[in-house]
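Q: Submitted below is the structure of interest, expressed as structure tokens.
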Amino acid sequence: MRWEINMTSPMNLLSTNITCPERLSLDNSDDVMGEIKNLILLIYKKFNFNQFDQVFGDILKLFNGHYPGYHRCNTFYHDLSHTLDCLLVTAKLIHGAGLNGIVFTRRDVTLGLISALMHDTGYIQAVEDNTGTGAKYTVSHIERSIEFMRKYFHDHAFPSEYLPICSDFLRCTGLDVKISEIKFQSREHEILGQILGTADLIGQMANENYLEKLPFLYDEFKEGGVPGYNDTLDLLKKTPAFWEMVKKRLVIELGQVDRYLRDYLLVLWGINQDVYRQAIDRNMERLQSFLVAPRPTFQGTREANIKWV
């Protein structure tokens, strides 16, 4: 680990137009792009965003059905909004790591951001695949995402060393993956993998729409053959236990890198609280209130009439 000589001090740049974490709209991709670039430039005085810009634009095309050879995204939980959520938290964690003296090479920062953009591309169906939805690939989506990345890097003449690094990063998003069993090329790569695994979880669970999207997650699990859930209500009942499991994974496998979010918030906003953890706790409180309320009658898996408190 090292401090980089020409690092920019975040304390000297608090007048930037960084958006408060509760106010950025994921519906505006330009805002997301600007936010990420501002965050990275707070740590790196100069940064070449060309490859990131290229992949960002192509991922937008992919999810919106404009990338050659692929259908539009048709999974409503693992959608473009989730990818952008994960990307934003990844950038914030990289920024927070920098505040703690962990500085990655510019190439590796680029690969971390690209990996966040590509981590769920395995849900997208090829144009000749007209059966069901991308949810049928739930169990295999990580390896499919790596395959998409392999083809993308080849087609766009990205350096060959990118693929093994990014593949390691993507595998860190698997809930049953032992991080210690991945043979990272460096300790910095391991941290970036842990950052992506953490961003994937926190990005979705801290989202204010997390509970409203859970019925879509059940749809995906059902089509993808994920066992353990009888119906949507059963998934909702088991979500608090899932959060308890996630909290352990954040510590044991993911190295507690989520703590870097607190440093990001403290330095940029003077907020000495983990608002992301608080947002997840609020979601769990709302869910518990719903579960003890009189039960609605479920007519299907997408219960539009659920009333969250």
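Q: Could you work out how much longer the chain between Y229 and F242 gets when fully extended? Use 0.36 nm per residue separation minus the Cα distance between them, nm to one decimal.
A: 3.5 nm
Q: Next question, about the same structure. Measure of size requested: the Rg and Dmax of the range 153-262, with Cα atoms as the atom set and Å as the unit; please supply both.
A: When restricted to Cα atoms, the range 153-262 yields Rg and Dmax of 16.2, 47 Å.
Q: A further question on this structure: Taking the chain on its own, what percent of its Cα-Cα pair distances exceed 29 Å?
A: Percentage above 29 Å: 35.
Q: A further question follows. For the chain, what is the mean residue ellipticity at 222 nm derived from helices alone (per DSSP H run of n ≥ 4: -39500 (n - 2.57); sum divided by total residues; nearest 500 deg cm²/dmol)?
A: -18000 deg cm²/dmol
Q: Please give every one of the lysines within straight-line cross-link reach of K151, meaning a C-alpha to C-alpha distance under 22 Å, and leave out same-chain neighbours fewer than 8 residues apart.
A: K61, K136
Q: Given a 1.4 angstrom probe, what's the average accessible area per residue across the chain, in square angstrom?
A: Heavy-atom SASA per residue in the chain reads 46 Å².
Q: Another question about this same structure. Give me the number: length gained by fully extending L266 to V139, i.e. 0.36 nm times residue separation minus the C-alpha to C-alpha distance, one decimal in nm.
A: 42.0 nm
Q: Could you give the size of the charge dipole of the chain about its Cα centre, using +1 on the Cβ of each K and R and -1 on the Cβ of each D and E, expressed in debye and rounded to the nearest 20?
A: Roughly 520 debye for the chain.
Q: For the range 162-241, which whole percent of the accessible surface, found with a 1.4 angstrom probe, sits on carbon and sulfur atoms?
A: 48
Q: Sequence neighbours fewer than 8 away in the same chain don't count; with that in mind, list the lysines whose C-alpha is under 18 Å from K92.
A: Reachable lysines: K37, K45, K46.
Q: Can you give the Rg/Rh ratio of the range 198-292, where Rg is from the C-alpha atoms and Rh is the Kirkwood radius?
A: Reported Rg/Rh, Kirkwood definition of Rh: 1.01.
The values are calculated or read from the model by the stated rules, or taken from the named source; none is laboratory data. Quick caveat, the model's predicted, so the values are computed rather than measured. All Cβ positions, even for glycine, are placed from backbone atoms using ideal geometry, and neighbour counts span all protein chains on display. Calculation scope for accessible area: heavy atoms of the full protein, side chains included, ligands and nucleic acids excluded. Shrake-Rupley method; radii C 1.70, N 1.55, O 1.52, S 1.80 Å.
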